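Everything on this sheet refers to the single structure shown next.
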Amino acid sequence: WVALAAALALGSLVGFHVAPAAIDWQPALAPTQPWRAWTAALLHYSSLHLAANLAGAALVAAFGWTARVRIAVVVAWFAAWPLTQIGLLLRPELAHYGGLSGVLHAGAACAALSLVVHDRGQRRAIGAAVLAGLALKVASEAPWSTLLPQPGGWDIAIAPLAHASGLVMGLAAAGVAEAVSRCLHLARLRIPPPEGRPR
């Protein structure tokens, strides 16, 4: 989990020095250059944009570490990385996009869902609270409304749809990962032990 967060952060530092048009998300190029679903998350349009997302990556890394996520949850977050950008196809008029925030929303959602599914008591409550907080944040940004608002204090416009896409794709990927993990666990239980070993 921490290695994936570090890779996203380091990739963002490298991507900051690349021409935006070379790696950003462009829906028109999605069929012929699908790799942009990966690279777009590593592009940032200003130093403030980069700094905010590096801080976010550190927070998501710490959250997942504290949540003691399983490898299936790490795989889910990795899968949600490109899926977050693919979700932007819902608004093809968003001709260019870059930034890590959507993928960070996906990571937070994956870790929070893991707490809800696998933990009890206070830890489960924390996971539920994080999920509720993410949902409220995304809803307050009205991703179905203004495509690129520019909040006060920011030197770039933001794309609330990316946050919504990250949340949805993170939950979907984590849900699939949990289902596959349970199926594999049940399959192992059904396999008879080797001859001579107790059941």
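Under a GNM of the chain (C-alpha, springs under 10 Å), which listed residue has the highest mean-square fluctuation: Gly166, Gly127, Gly152?
Of Gly166, Gly127, Gly152, the most mobile in the Gaussian network model is Gly152.
Mind ranking 41-47, 136-142 by how tightly packed they are, going by the mean number of other C-beta atoms within 10 angstrom, highest first?
Ranked by mean Cβ neighbours within 10 Å, highest first: 41-47, 136-142.
What does the chain give for Rg and for Dmax, in Å, if only its C-alpha atoms count?
Gyration radius and largest Cα-Cα distance of the chain: 18.5, 70 Å.
Enumerate the calculated ³J(HN,Hα) couplings along the range 20-28 in order (Karplus 6.51 cos²θ - 1.76 cosθ + 1.60, θ = phi - 60°), each rounded to whole Hz, writing x wherever the residue is Gly or Pro.
Computed from phi, the couplings for the range 20-28 are x, 5, 7, 9, 6, 7, 9, x, 5 Hz.
Starting from the Cα of Ala3, step 7 Å along the direction of its Cβ; do the same at Leu147; then give the gap between the two resulting points in nm.
4.0 nm
Could you pull out every whole DSSP H run in the chain that spans at least 27 Å of Cα extent along its own axis and averages -1.0 or higher on the Kyte-Doolittle scale?
Membrane-span-like by this rule: 47-67, 121-140, 160-190.
What percentage of the solvent-accessible surface of the chain, computed with a 1.4 Å probe over protein heavy atoms, is contributed by carbon and sulfur atoms?
71 percent
Give me the extension gain from Ser47 to Val180: residue separation times 0.36 nm, minus the current Cα-Cα distance, reported in nm with one decimal.
Taking 0.36 nm per residue and subtracting the Cα distance, the gain is 43.9 nm.
For Gly64, what charge total do you get from the other residues with a beta carbon under 14 Å from its beta carbon, if Lys and Arg give +1 and Asp and Glu give -1?
+2
Of Ala80, Ala174, Ala157, which has the largest mean-square fluctuation in a 10 Å C-alpha GNM of the chain?
Maximum fluctuation in the GNM of the chain, among the listed residues, is at Ala157.
So, for the chain, what is the accessible surface per residue at a probe of 1.4 Å, expressed in square angstrom?
Computed with neighbouring chains in place, this is 52 Å² per residue.
Ranked highest first by the average count of other Cβ atoms within 10 Å around their residues, in what order do 72-78, 14-20, 110-116 fall?
Packing order, densest peptide first, comes out as 110-116, 72-78, 14-20.
Can you give me the Cα centroid spacing of the range 84-99 and the range 150-168 in angstrom?
Each part reduced to its Cα centre gives a spacing of 12 Å.
The values are calculated or read from the model by the stated rules, or taken from the named source; none is laboratory data. All figures in this text were calculated on a predicted structure; none of them were measured in a lab. As a convention, Cβ positions derive from the backbone with ideal geometry for all residues, glycine included, and neighbour counts pool all protein chains shown. For the accessible areas, the whole protein counts, side chains as well, though only heavy atoms, and no ligand, DNA or RNA atoms are used. Shrake-Rupley method; radii C 1.70, N 1.55, O 1.52, S 1.80 Å.
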